[in-house]
1. For helix B:86-109, report the angle its Cα long axis makes with the longest principal axis of the Cα atoms of chain B; keep it between 0 and 90° and round to the nearest 10°.
2. Taking each full run of DSSP H in chain D as one helix, which ones are at least 18 Å long along their axis (Cα atoms) and have mean Kyte-Doolittle hydropathy of at least 1.0?
3. Using the Karplus equation 6.51 cos²θ - 1.76 cosθ + 1.60 (θ = phi - 60°), what ³J(HN,Hα) coupling, rounded to whole Hz, does each residue of the stretch B:208-221 give in order, writing x for Gly and Pro?
4. State which stretch of chain C is the longest one without any exposed trypsin sites (Lys or Arg not before Pro), exposure meaning a DSSP loop state and at most 14 other Cβ atoms within 10 Å.
5. Any chance you could check the Cα centroid distance between the stretch A:71-97 and the stretch A:249-301 for me, in angstrom?
6. Could you pull out every residue, at least 5 positions away or on a different chain, whose amide H is within less than 5 Å of the one on B:TYR436? Hs are placed 1.01 Å off N in the peptide plane, and Pro or chain starts have none.
7. Just tell me how shielded B:598-606 is by partners: mean number of partner chain Cβ atoms within 10 Å of each residue's Cβ, no decimals.
8. With label points built 7 Å along Cα→Cβ from the Cα atoms of D:ALA15 and B:ASN576, find their separation and express it in nm.
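Values quoted throughout were computed directly from the atomic coordinates according to the rules given, and no laboratory measurement underlies them. Bear in mind the structure is a predicted one, so any value in this text is a computation, not a measurement. Methodologically, a virtual Cβ is constructed for each residue, glycine included, from the backbone with ideal geometry; neighbour enumeration extends over all protein chains shown.
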Amino acid sequence: MSGSLPILTLLVLVPVLGAGVVALMPRDNERLLKLVGVTFAGVSLALAVALMFDYRATGTGFQFVSDHVWIRSFGISWKLGVDGISLFLIGLTGVLFPLVIVGPAVHKDVKGYVAWMLLLEAGCMGVFMSLDLFLFFLFWELVLIPMYFLIGGWGYDRRIYATLKFFLYTMVGSALMLVGILTVVFLHQRATGHLTFDVVTLANEQSLASSTARWLFLAFAASFAIKVPIFPVHTWLPDAHTEAPTGGSVILAGIMLKLGTYGFLRFGLYLFPQAAVDMAPLFLTLGTIGIIYGAVVAIMQKDLKRLVAYSSVAHLGFIVVGTFGLSQQGLEGGVLQMVNHGLSTGALFFLVGMIYERRHTRLIAELGGIQRVAPVFAGVFMLVMLSSIGLPGLNGFVGEFLVLIGTFVTHRWWAVVATAGVILAALYLLWAYQRVFHGPVSGENATFSEMTMRERAIMAPLVALIVLLGVYPKPVLDRIAPSVRELIAHVQEHSDYRQPAVAAGAAER
Amino acid sequence: MMHAVWLIPALPLTGFLILLATGRRMGDPKAGYVATAMMVGAFVVAVGVFFDLMGLHGEERRFQQDLFSWISVGGLDVHVGFLVDPLSVTMALFVTGVGALIHLYSVGYMHGDERYPTFFVYLNLFAFSMLMLVLSDSFLLTFLGWEGVGACSYFLISFWFERPSAATAGKKAFVTNRVGDFGFMLAMFLIFATFGSLNYVPVLEGAHELTHVTATAIALLLFVGAVGKSAQLPLYVWLPDAMEGPTPVSALIHAATMVTAGVFLMVRVNPILNLAPGALTLIATIGALTAFFAATIACAQNDIKKVLAYSTVSQLGYMFLAVGSGAYVAAIFHMVTHAFFKALLFLGAGSVIHGMHDEQDMKYMGALRKWMPITSGTFIVGWLAIAGVPPFSGFWSKDDILLAAFEKNKALWFIGLLTALMTAYYMSRQVFLVFYGGERWKKPEAAEAHGEDVAHDAHGAHGDFKPHESPPTMAFPLVVLAGLAAVGGILKSPLERWLEPVLAHPHEFASSSSTKLGLIVVTTVGALSGIGLAYSIWLRNRVRAETVEPEVLRHAWYVDALYQKIVEAPGRALANFSAFVVDAKVIDGTVNGVGALVRAGGTRLRTVQSGFVRNYALAVAVGAVAILAYAVARSA
Amino acid sequence: MSVPGAWYLGLAAMLFGIGAIGLLIRRNVLIMFMCVELMLNAVNLTFVTFARMLNDIGGQVVVFFVLVVAAAEVVVGLAIIVSIFRRRADATADDISLLKG
Amino acid sequence: MDWVVFVAAGIAVLAGALGVVLATHPVHSALMLVMTLFGVAVLFVAQQAHFLAAVQIIVYAGAIVVLFLFVIMLLGVDRSENVRAEPLPFQRPIAYVAGAGVVAAVFLLARTTWVSGAQSAAGPADGPGSNIEKLADSLFTRYLLAFEMTSVLLVIAVVGAVVLARHSPTGGVRDSEAS
């Protein structure tokens, strides 16, 4: 089916079209607006699912590439493509957006909310698929604007402060990356004589001097590190997550943080292999600090949403460690962990949002004993939380374990410290669970209502994926593996790094 | 039948899923019977597998079943598969067997609880996890079970989560276990980095190539995991608190099965342990110290379940003493007999609590043997077994361990012997306080006020307070377990032959038979003198209770307070410091500081914007002049 | 004999300078406007001069466009002035400083 | 002859310009402006830009200055201004320096730098055909798009002027427009 259909282009255009349609509709019929919005998001999901089925698991390189010259004189083209690394992030994007459009109650201006969400979806899809640096930067910035309005328009009390912080932080990184992109392209032109923004060409021709490459890598890394976020540039995250509306937090945690980690893989390691290898200890250290630090800070948070936000800092630390551990397991685990974190933290934000809708507070101290009055709610929360803790049999474990075991093989001591984060994750989440759900129930908590059918319908796909990916991650891992293997081969070819044989296994012979 | 091994964990899993979906509709007691049926089914399958395995000859007694690929990445290839060998079948048999009995017991015990179906959901999930743990063919899948039982233990300890103490105890158990899991995970990483595999068969067969250092590292890291799971020093603190859970849970998880997982793991990796004598010595030492330490605490506890909990810690210490002495069979043997008598004791205690309307303090019991004949009869069997009185099962297994310890190190043996004496003493104290002596019951109102447990209101025969015997569903498991606890000793030599294939170097007792006999006599005398001591103190009242229950023991050597001081308080302070000083002030302060700087600069600069259009025009003109001046300067 | 282009250019420069100074020192918005016209005329004169000197009609084409744009500018500018004066009849450029930071 | 015309027109231009700047009364300024515009028109003629000279007279002197006068008269703002007073500090000295600086810089620059002399695409100014023909030829072929766009610009300017100057239905002008 997709052999003839420009499926990737459609994945970008359908949400844009949806945003346009929603923008033209009257603003008073909220149900219809949501229906139209979810239809477009649903079409995107269907396309993403079709993409995953049509993707050749054994294939190498980028698939479904659509390449059209856009601005010829600057060598800019509309070039989209997927590989095993981006495939499931696209799938995750497809899954989460319909849910955030129908899921949380939107307290005002449904039209704007739905339209911005669809535009955001287009931007996220675009980032994950772009194979042209210019196009990538375009989508990268495009993502910012809807999120700015979503937090600023539909957020909680300190939303203006949070949006401004979020926006400025990200812009600082973006500015550095823009300089990096232009420098890469023009230096490449000076070296080879032709001007192109094509990532694949730039990566394969490797025309940069090593010291230059290191600086350029840092310019890119600054942008990605802020987006991830890596300690110590993480402080925008708790504010933005906490002040964003439920849907915004879900997308922010579920997808937008992955833009950074994805960027490290696609543009960091791919464009600057030697620099990435040289800088790996720095980022491993920062990632490890993030794991421990995020968890320690999370322990004491008084606001449930803020706690989940800090847990993201810790979880994203694992992905960074896996990425810069540069082993087959670590990288695959990192990619898988991106999806996992999107599912489990996305689900956690949904649940915290539901708590807020019922109790109009997110303060842990004001909650308590909810399990007694809403056992199903508590059960779902528990499952999602255990996934976040990394209980084997649920998705979080697979990614975390692969990251750690792969990193242990290549960078032993970092992995040892990172593993300690596993203990802390249990501590802060269980303590929070205990304070919110256990204990005697009293006051307003006694009227806490059980999950509605609509809420169950929203959580069902997430819960199903959490369990499925924990029990049988093979289809996913099999599709990620060839791309990761290629990436490692690429890094080895262009740097002095050699992956230990234990990690590579028989497939690498 | 061998190919049906997957059914052993699959049946409890099915039960879990069925109850999860429809348990609430089934209700009390149907849900309990469904869960029990699944366990009985699993037991039947396990017996079938056992006989199939018996049919094979010694070295061939190994069967692997591969279900599907779980995590397969690069050099790492882990499948969901089972390793059937004498060790795993032994474990599976007693887990399903004891598990089925405890399920049946729970049908009666939990009757009337408002979350009755949920209890069986957890219980079946626990059984599934435990069976995955013992049957798996790889470290990673064992870890799945390992964590699964941990999670179920958490659910079940905090089953009555309205009580803050129960909720806290559950959390404490999970987190403490996680500390151990940290070691387990690192051990797996090291195994993978060394062998390139996590499957038992290649790793254990390749173990002989290990260097001494690596073997010691792996052994110690795995032992860290075992210390957490099996409640050894210094991570034992969660187990006494775990008694907040319903009594069947204490019996199943915190006595018979889960806590022995650490011992199982140690025996499973015995080829690696054999290469690390230093690690073995450490294991034996920790085991012996734990056994002694916990026994001292058990002597001064008043809560009927707390005594049993510390006793479990102590007995687990025995098992590690055996492992550390290289007597793996003795460890497994004691694990099995301990499962019988400790499950029996816990269930008996549950029956007592049930009959006393949720009274747990032994000081308010007494003379119950008249009122609860089955319970008291079976409990006494359990008592004699754990005390090591011949010919009950505990005598045989404890004797093996002490013999092995004697050969390993006389000091460890002496600690073990002292512990045996104390074990006999505190168990006798318990029996005498509960079943003999005078009636020291509280009045009904007081009992009501004391019993925090609201779940059993249905039994409160208000007005005429009389202890009553438990229903048949509870009594039947007691009788069966009492039978097993009494005659379990006969398993000794079959078990030795049976387990031989899984051991790299079967342990041979080197001592002469006269030494053995001497040790048996010493041990027995020790046990009997412990009983005698208890008799004179608690039935004859020769000594005042306060003198044998020093405050320090009553408070368990203040270990919890110590942890509170050296771990929790600094940890909390550190977390507070990180969250509210480092993060909020230092890091975010820097960020906001940059913002404030820009703002201050802007405030200064804004005065330039006078708003007068002629000023702006002037600025344009000056700019033009500047540009022209630059051009002039350049052209000149 | 015809006058050299440089003289015209010099004249245009002086005209431009007078216009610029006028714009900067006068407060009456109407007169400021007229000064803008002076500057535009100076530029126009330059263009026409260059058109002659370089023998290129392009300079005159530009002047044509400048005239059109100047016309449009005056129309809009005067409309703004009208609406300003409607509020305050004696307004000068210094009375309006809404852009003050 | 050429010199006579140039000097005469030049004096008119400069005198008119100074008059615009120095006159206290706006009406005087407007009349002085007319003088400058005429002078420039003469200079156009002297340089064979006949068409532009005509347009200069018609559009500038005829239309724009009249518009100025209309506004002055209609709004009754024909009060004289105190030219000596200067409320903004440093405005005047800097203005003189800047104005003189521009002129001086242009002169200085002219000594070292000159136009390249490259031909534009519009074609030569001499040769057969009248000035109007050549201008028209260029405007309606090469610069047709730009020419058409000026028409759009004019329309927009007219619409804008109407919107700005119109009385709003409620009476006064809205704040955002008025100030």
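1. So the inclination is approximately 90 degrees.
2. Details: long enough: D:2-22 (29 Å, 2.25); D:26-46 (30 Å, 2.11); D:91-112 (31 Å, 1.16); D:144-165 (32 Å, 2.51).
The qualifying helices are D:2-22, D:26-46, D:91-112, D:144-165.
3. 5, 7, 5, 6, 4, 5, 4, 4, 4, 4, 4, 4, 5, 5
4. Result for the longest clean stretch: C:1-87.
5. 20 Å
6. B:ALA367, B:LEU368
7. Working: counts 1, 0, 0, 0, 1, 1, 0, 1, 2.
That average works out to 1.
8. Result: 9.1 nm between the two label points.
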